[in-house]
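Each value in this text was obtained by applying a stated rule to the coordinates, not by laboratory testing. What you see is a predicted model; the values in this text were computed from it and never measured. With ideal geometry, Cβ positions are generated from the backbone for all residues, glycine too; neighbour counts draw on all protein chains shown.
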Amino acid sequence: MAAHHRVAVVTDSTASLPEEVAAEHGVVVVPLQVVIGAEVLDEGSEGATPTRVAEALKEWTPVSTSRPSPAVMLETYRDVAADGAEEVVSIHLSSEMSGTYESAQLAALESPIPVVTVDTRQVGVATGFAALAAARAVAEGATAAEAAEAARACSGEAASLFYVDTLEYLRRGGRIGATAALLGGALAVKPLLKIQDGRVAPLEKVRTSGRALARLEELAVEAAEALDPEQGVDVAVAHLANPERAATLATHLTERLAERLDGRPVTCGELGAVLGAHVGPGMIAVCVAPRHR
């Protein structure tokens, strides 16, 4: 962490921040765990990778995930305090989907320095964009409370849209009560989903995966156009075991949203292992978030 920043920015591994991006912005990442069979692994390049999760799911090996404990979060807050931070802003995935935010709240009660916790009500890259918004605010001299506001403003306006090859994995993980009911037994249909009010919600049904991706592109462009034209946008595509189609989508969006991207590319990468465990191979997500110019 850069010593001159009094405010430490903490997030969790579901934010899907590449290690070099987190390091560049001084964001501290706390891993969630993935349980594959009988093995408990931290999410990340040294432990549970998306590839391992995709393979396990295909082989019907039991895969589950667990939040970082309050003790692990507290250890993180103590570490950044020891490094010279005077405040923490801790930014996490939706409390509707994981107990990670609750762990942060519990740890904050015992932290040696004040902690402002943020429930982004988002998952995946949208949480990452919120953490980066906070880090940019801190770099400009923001307090933890001000950085938290920047994170909430970003996540509140971000759109998280995704396509899954099958609802089977979301159903297994218990993440789609209402969604499964709404889509009924039509598992042959390719569902487009979104994050709404912190949960997975159905968006549209399409017949083919090709059509789904074309639709995802249109919806991402619409989401960008719905944001304040004075603002730029950040766009990211994430996938699990579907690199070619994800890259194509990222290329199309880079071209179509060039003006709003201010010269930044649409990033494209593999979804983290924890989220991958819940959506299954083939998934493609796109996140569109506002970025202050």
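Some notes on this structure:
- Global geometry of segment 12-147, whether rounded, prolate or oblate, following the gyration tensor of its Cα atoms and the 1.5 cut on a/c: prolate
- Approximate spin-label separation Thr248-Arg293, in nm, with each point projected 7 Å along Cα-to-Cβ: 3.3
- Counting only aspartates and glutamates at least 8 places from Lys58 when in the same chain, those with an alpha carbon closer than 14 Å to its own are Asp165, Glu168.
- Prolate/oblate/rounded label for the chain (Cα gyration tensor, a/c 1.5): oblate
- With Cα atoms, 0 to 90° folded angle of helix 243-256 axis to the chain main axis: 80
- Rounded to the nearest 20 debye, the dipole magnitude of the chain is 1080 debye, with +1 charges on Lys and Arg beta carbons, -1 on Asp and Glu beta carbons, and the Cα centre as origin.
- Placing unit charges on the Cβ atoms of the charged side chains and taking the dipole of the chain about its Cα centre, the candidate lying farthest along the positive direction among Pro31, Leu253, Val7 is Leu253.
- Nearest-ten-degree value, helix 125-139 long axis tilted from longest Cα axis of the chain: 30
- Among beta bridges identified by DSSP and lying wholly in the chain, the antiparallel ones come to about 60 percent.
- Size of electric dipole in segment 12-163: Cβ of Lys, Arg +1 and of Asp, Glu -1, about Cα centre, debye, nearest 20: 380
- Relative contact order for segment 1-125, counting Cα pairs under 8 Å that sit 6 or more residues apart, in percent: 29
- About the Cα centre, charge dipole magnitude for segment 196-293 (Lys/Arg +1, Asp/Glu -1 at Cβ), debye: 320
- Cα gyration tensor category, rounded, prolate or oblate, for segment 212-293 with a/c compared to 1.5: prolate
- Rg and Dmax [Cα atoms of segment 18-67; Å; Rg one decimal, Dmax integer]: 12.5, 38
- Contact order relative to length of segment 159-291, as percent, for alpha carbon pairs under 8 angstrom and 6 or more apart: 34
- Order of Leu271, Leu106 - criterion: other Cβ atoms within 10 Å of each residue's Cβ, fewest first: Leu106, Leu271
- Choice from Val235, Val206, Val138 with maximal GNM fluctuation in the chain (Cα, 10 Å cutoff): Val206
- Relative contact order %, the chain, counting alpha carbon pairs below 8 Å whose residues are six or more apart: 21
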